[in-house]
Structures are given as C-alpha cells and as structure tokens.
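The values are calculated or read from the model by the stated rules, or taken from the named source; none is laboratory data. All figures in this text were calculated on a predicted structure; none of them were measured in a lab. All Cβ positions, even for glycine, are placed from backbone atoms using ideal geometry, and neighbour counts span all protein chains on display.
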Amino acid sequence: MSDAIKALLKAQSEMGAAVKNSKNPHFKSKYADLEAVVNATMGAFHANGFAVLQRNDKDEEGHFVETKLLHSSGLDFNSKVYLVLGKND
C-alpha cells in the first residue's frame, strides 16, 4: 500500500463529523455548509501531507467541479462532479 493511501486512511480516521449548522427551509432540513466541511477535514488533511484543490471548468460533457487531493509523496487523487444547470448564467 502506498504512503499516500496510508496517509489518506489516517487523515480520514482523524476527521470529525461536519456540524449541520445551516437550514434548508424548502426541505425543512439541516445540512453542513462548506465552512463546516472545511473545518471538519482540513486539519487532518494538512497534518497528513495533503493539499486540497478545486476548480470549475467546462468540457464537451458540460460544467463541472474537479477536486484534487495532492499528497506530499507526489501521488494525487481526483474527482469530477458534473453540474446540472437550469440556465447558463
């Protein structure tokens, strides 16, 4: 198992739960906003040699947000999530 995967497992074990600190009145539910997720994860990522980058872009399949976890060993993990847009504004 690579050092990056071991570090990712360690980071995940050190992360706390994201606090559900925001309300969605439409669904009458609570959710963890972006700040809560960052607060729950960044300390563990940084302590284990990870940088987190996100970018938004567009390709032939549509608009997306790409997340990259870059490890100090040089290995990276990435994921694209395509966005469904009602209007292109």
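Here are a few things to note about the model shown:
- Residue check, ASN24 of a type outside the set (Ser, Thr, Tyr) and free of Cβ contacts under 8 Å to residues at least 12 places away in the same chain: yes
- All strands (runs of 3 or more DSSP E) inside the range 14-89 with 2 or more residues being touching a His at 6+ places or on another chain (Cβ under 8 Å) and surrounded by fewer than 12 Cβ atoms within 10 Å (Cβ to Cβ): 50-59
- The residues of the range 77-88 that are of a type in the set (D, E, K, R) and at pLDDT 95 or above amount to a single one, LYS80.
- Verdict on VAL37 being without any contact (Cβ under 8 Å) to a residue 60 or more places away in the chain, within 19 Å of the chain's Cα centre (by Cα) and within 23 Å of TYR82 (Cβ to Cβ): yes
- Among the residues of the range 15-58, just one is closer than 19 Å to PHE77 by Cα and among the acidic types (Asp, Glu), namely ASP57.
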